[in-house]
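Let me begin by presenting the structure, written as structure tokens, before commenting on it.
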Amino acid sequence: DVHIRLIITRGDKITPYQNPKANIGPINYVIIPEHKKSDPKIYDEGLHIGRVNIIRPTENILNTHLNTLSKLNCILGSIEANKLGYDEGIMDDINGNISTCNSTNLFFVLKNEVWTSTGKYCLNGITRGKVIDICKKNNIQCYQKDFKYEDISNCDVALVTGSFAGVIPVSML
């Protein structure tokens, strides 16, 4: 029941400036341990998720495969989701395909097939990988592919994954 966030900075600075020339020391390691449990109701009640207008960028804008503190687009997606009454916001990639949620990865079940994004524009998290592996080991068709919201809007099941809470059902899409 401990969630540990590890932050590595570029070190102390002579001034709050982004240029690495302002760094004056070695890197800093910040370890934030937090004792917490996910609310057990979430596994019974599920999450409400919906589309937001904020998209996931390309690697030359911000590498979405790195879990950094510089994920302004995910924060903006979360803010928009909150305003719309969603627990998580579904974010498209730059091509209009489903990518991920603002802080979790998405999976959809349609006619006994599992669909998730290609992973090109999202954090390919540990739990996401575990779900894909479980599907493979159990001969469940799991497709990592491009698809639009319209392709999954009538799915049989939706779920999100994350390192802290694991696998969480979606009760409203």
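A compact table of results
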item	result
Qualifying residue in the stretch 81-89 (condition: among the charged types (D, E, K, R) and farther than 25 Å from Val2 by Cα)	yes
Of all residues in the stretch 85-122 being touching a Lys or Arg at 6+ places or on another chain (Cβ under 8 Å) and either assigned to a helix (DSSP H, G or I) or among the aliphatic types (A, V, I, L, M) (or both), the one that is surrounded by the fewest Cβ atoms within 10 Å (Cβ to Cβ)	Ile94
Any hit, the stretch 24-42, residues being β-branched (Val, Ile, Thr) and in a loop (DSSP other than H, G, I, E, B)	yes
Unique residue being under 25 Å from Tyr43 (Cβ atoms) and modelled with pLDDT under 95 when the list is Ser99, Ser171, Ser163	Ser163
Single residue of the stretch 56-84 satisfying the filter (in a loop (DSSP other than H, G, I, E, B) and among the charged types (D, E, K, R)) that is modelled with the highest pLDDT	Arg56
Filtered residues of the stretch 1-50 (kept if open to solvent by 100 Å² or more (accessible area, probe 1.4 Å) and of a type in the set (Phe, Trp, Tyr))	Tyr17, Tyr29
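The values are calculated or read from the model by the stated rules, or taken from the named source; none is laboratory data. None of these values were measured; they are calculated from a predicted model. Reconstructed Cβ throughout: ideal geometry from the backbone, glycine too, with neighbour counts over all protein chains shown. All accessible areas refer to the heavy atoms of the entire protein, side chains included, with ligands and DNA or RNA removed. Shrake-Rupley method; radii C 1.70, N 1.55, O 1.52, S 1.80 Å.
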